[in-house]
C-alpha cells in the first residue's frame with residue numbers, strides 16, 4: 001500500500017512501521033490513524049513477519065494529535081466526536097491485539113496520544129533524552145481513548161498523578177514507573193531495539209502469539225480454580241502442538257528448531 005503518513009518495510013522476519021511526518025513532530029490525524037490500523041492489521045496477518053518495530057522519523061516520536069485535526073474536531077457534533085474517537089480506539093486496539101510482538105522505539109519526545117501508541121506495544125525502549133507528557137488536561141481534555149493502555153503500562157498510581165498534572169517527565173521517570181522497559185543512550189538505541197526484535201523473531205511464532213494472549217487474559221485475574229484449569233489447558237495444548245513438540249525435540253537433540261529454517 002502507498003502510505004502517506006508512514007512507511008512500512010520488511011527486512012527478513014522483522015517489519016518496521018515508521019511514523020513519517022517529522023515536520024509535524026509525527027502528530028497524527030485521521031489519515032495517520034487509518035494507515036496505522038491498516039498497517040498493523042496487514043502485518044499481523046503476514047506469514048513471514050515475526051516481530052514489528054514501531055518507530056518514527058525526526059526529533060520527536062509523536063506529539064499526539066495534529067493541531068489542524070484538533071481545530072476541525074472543535075466543530076464536530078457529539079456524534080461526530082464519538083465516531084472520530086472510536087477510529088482512534090480501534091487503531092490502538094489493532095496494535096494491542098496484533099498477534100505479532102510489537103516493539104516501540106522511542107527516539108524522541110512522546111506526548112498525549114503518542115503515549116497511547118507506545119503503551120499499546122508489547123515492549124518499549126526509550127532514548128534517555130526523551131520527554132513524556134499526558135498533556136490533555138492542560139487543554140481542557142482527558143486522555144480517555146488511550147487510558148486503557150497507558151494505565152496498564154504505568155499503573156494506576158502514576159496515572160492518577162500524570163493524568164491530572166499534565167506535567168512533563170523524563171525518560172528516567174518513564175522507566176521508574178514502568179511505562180518504558182529500558183532507557184538507553186541515543187548511540188545504543190538502534191542496536192538495542194534490533195537485538196530485541198531479533199530475539200523475538202527467533203522464538204516459536206505460535207508460542208509468542210499464545211504468550212501475548214496469555215498475558216492479556218491472566219493479568220489481574222484472581223487465582224481461582226477456573227484460572228488454574230484454563231492455564232493447565234493452555235500448556236497442555238501447546239505441548240501437543242507441532243511447534244511445541246518440535247521445540248522440545250530440537251532442544252533435546254541440540255539442533256535448530258524448524259521455524260528458524
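The values are calculated or read from the model by the stated rules, or taken from the named source; none is laboratory data. All values derive from a computational prediction rather than experimental measurement. Quick reminder, even Gly has a Cβ in these numbers, built from the backbone with ideal geometry, and neighbours come from all protein chains shown.
Please work out if residue 183 is at pLDDT 95 or above, farther than 22 Å from residue 244 by Cα and assigned by TED's automatic domain parsing to the domain that holds residue 105.
On the way: at pLDDT 95 or above: yes; farther than 22 Å from residue 244 by Cα: yes; assigned by TED's automatic domain parsing to the domain that holds residue 105: yes.
So residue 183 passes the test.
Which ones in the stretch 222-246 are under 27 Å from the mean Cα position of the chain (by Cα) and either touching a residue at least 40 places away in the same chain (Cβ under 8 Å) or surrounded by 11 or more Cβ atoms within 10 Å (Cβ to Cβ) (or both)? Show your work before the answer.
Step one: of the stretch 222-246, the residues under 27 Å from the mean Cα position of the chain (by Cα) are 222, 227, 230-231, 234-235, 238, 243-244.
Listed by number, the residues that qualify are 227, 230, 231, 234, 235, 238, 243, 244.
Is at least one residue of the stretch 147-165 touching a helix residue (DSSP H, G or I) at 6+ places or on another chain (Cβ under 8 Å) and not in a helix (DSSP H, G or I)?
For the stretch 147-165, residues touching a helix residue (DSSP H, G or I) at 6+ places or on another chain (Cβ under 8 Å) and not in a helix (DSSP H, G or I): absent.
Does any residue in the stretch 77-88 that is within 16 Å of residue 113 (Cα to Cα) come within less than 6 Å, Cβ to Cβ, of a residue that is in a helix (DSSP H, G or I) six or more places away or on a different chain, and which pairs are these?
87/33; 88/33
Go through the stretch 220-245 and give me each residue that's assigned to a loop (DSSP other than H, G, I, E, B) and either modelled with pLDDT under 95 or touching a helix residue (DSSP H, G or I) at 6+ places or on another chain (Cβ under 7 Å) (or both).
Residues satisfying the conditions are 220, 221, 241.
So how many residues does the stretch 81-128 have that are within 8 Å of the chain's Cα centre (by Cα) and in a loop (DSSP other than H, G, I, E, B)?
Selection size over the stretch 81-128: 3.
Please tell me if residue 208 is crowded, with 17+ Cβ neighbours inside 10 Å, at pLDDT 95 or above and not in a helix (DSSP H, G or I). Spell out how you get there, then give the answer.
Values: crowded, with 17+ Cβ neighbours inside 10 Å: yes; at pLDDT 95 or above: yes; not in a helix (DSSP H, G or I): no.
No, not satisfied.
Test each condition in (1) more than 15 Å from residue 91 (Cα to Cα); (2) touching a helix residue (DSSP H, G or I) at 6+ places or on another chain (Cβ under 7 Å); (3) part of a strand (DSSP E or B) for residue 49 and report the one that comes out false.
Single failed check for residue 49: (3).
Output the residues belonging to the stretch 174-205 that are surrounded by 14 or more Cβ atoms within 10 Å (Cβ to Cβ) and not in a helix (DSSP H, G or I).
Passing the criteria: 177, 179, 180, 181, 182, 183, 184, 203, 204.
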